[in-house]
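See below for the structure under consideration.
The values are calculated or read from the model by the stated rules, or taken from the named source; none is laboratory data. From a predicted model like this one, the values you see are computed outputs, not experimental measurements. Cβ placement follows ideal geometry from the backbone for every residue including glycine, while neighbour counts extend to all protein chains displayed.
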Amino acid sequence: MSSKQALARAFVETGAFQWDESKPFVLASGVNSEYYVDCRRFLSDPAHCVLIAEAAYSLVASLGITAIGGLVLGAVPLATSLAIVAHQISEGKAHWRTFMVRKEPKDYGLSNLIEGDLRTGDRVLIVDDVLTSGKSIVRAIESVAQSDLNVSVKHVLVLVDRQEQNGRQQLEQRHGVHVHTVLTLEELKAAQVTLGS
């Protein structure tokens, strides 16, 4: 069994992936789907965070990034886990700082929209837990682009691509980024079928 298959299997075994054709789930967008992916539940276990971060690191290690982040809440555990694991695996050579993009600026203190350590000239990896339409990723890309820090955003990493609503294609064609995916909906479905048989 490959590491991807083991990761997909763990999603199914923990209930973080559910597939029910008879009772559709309502997604954040309001659309009904027979598939439900709960990455927050999955990323609540530190062992799962390490597995995901190791798989993600192999996809993005050579990209020359200097900072990782995305829109709260989905991006935070993924960015943090990836930064820590990358630092450990590379023995400190991959020192990727993290940041998070708020949905709205704070109405107190410095009124920041972006929190964490994003610097002028950073080569940024935008991360998110699930890709459907890509709207939350677009919000993160646009917020970072409007930060006046002159950063470069050429890569996006998602934990699960639901392969719906042309999210990946729209991000790549309209925003000029390359999307890297740890798992796809098809891989999760295959794991559930295997476990069910």
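Hey, does the range 158-166 have a residue that's surrounded by fewer than 22 Cβ atoms within 10 Å (Cβ to Cβ) and among the hydrophobic types (A, V, I, L, M, F, W, C)?
Within the range 158-166 (the criterion being surrounded by fewer than 22 Cβ atoms within 10 Å (Cβ to Cβ) and among the hydrophobic types (A, V, I, L, M, F, W, C)), the answer is no, since none of the residues qualifies.
Determine whether residue 45 is exposed (fewer than 13 other Cβ atoms within 10 Å of the Cβ), of a type in the set (Asp, Glu) and more than 20 Å from residue 180 (Cα to Cα).
So residue 45 fails the test.
Considering only residues of the range 71-109 that are among the small types (Gly, Ala, Ser) and at positive phi, which is surrounded by the most Cβ atoms within 10 Å (Cβ to Cβ)?
Result: 92.
The rows are residues; the columns are (1) more than 17 Å from residue 7 (Cβ to Cβ); (2) in contact (Cβ under 8 Å) with a residue 24 or more places away in the chain.
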{"site": "123", "(1), (2)": "yes, yes"}
{"site": "126", "(1), (2)": "yes, yes"}
{"site": "130", "(1), (2)": "no, yes"}
{"site": "149", "(1), (2)": "yes, yes"}
{"site": "152", "(1), (2)": "yes, yes"}
{"site": "176", "(1), (2)": "yes, no"}
{"site": "182", "(1), (2)": "no, yes"}
{"site": "193", "(1), (2)": "no, no"}
{"site": "196", "(1), (2)": "yes, no"}
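For the range 10-37: of the residues being of a type in the set (Gly, Ala, Ser) and closer than 14 Å to residue 188 by Cβ, which is surrounded by the fewest Cβ atoms within 10 Å (Cβ to Cβ)?
15
Hey, could you check the range 165-197 for residues that are more than 16 Å from the chain's Cα centre (by Cα) and not in a helix (DSSP H, G or I) and say which is farthest from residue 75 (Cα to Cα)?
Taking the candidates together, the pick is 197.
How about the range 131-155: which of its residues are under 18 Å from residue 79 (Cα atoms) and of a type in the set (A, V, I, L, M)?
131, 137, 138, 140, 141, 144, 151, 153
Hey, residue 54 hits all of (1) farther than 30 Å from residue 150 by Cα; (2) under 15 Å from the mean Cα position of the chain (by Cα); (3) among the charged types (D, E, K, R) but one; which does it fall short on?
Here residue 54 clears every test but (1).
Working only within the range 13-49, note down all residues that are outside any loop (DSSP other than H, G, I, E, B), out of contact with any helix residue (DSSP H, G or I) (no Cβ under 6 Å at 6 or more places or on another chain), of a type outside the set (S, T, N, Q) and without any contact (Cβ under 8 Å) to a residue 40 or more places away in the chain.
Correct list: 25, 26, 36, 41, 46, 47.
For the range 125-133, check the following and say yes or no: at least one residue is small (Gly, Ala, Ser), over 16 Å from residue 155 (Cα atoms) and modelled with pLDDT of 95 or more.
No: the range 125-133 contains no residue that is small (Gly, Ala, Ser), over 16 Å from residue 155 (Cα atoms) and modelled with pLDDT of 95 or more.
Please specify each residue of the range 67-114 satisfying the condition of being part of a loop (DSSP other than H, G, I, E, B) and closer than 20 Å to residue 151 by Cα.
If the condition is that a residue be part of a loop (DSSP other than H, G, I, E, B) and closer than 20 Å to residue 151 by Cα, then 72, 94, 95, 96, 102, 103, 105, 112, 113 are the ones that fit.
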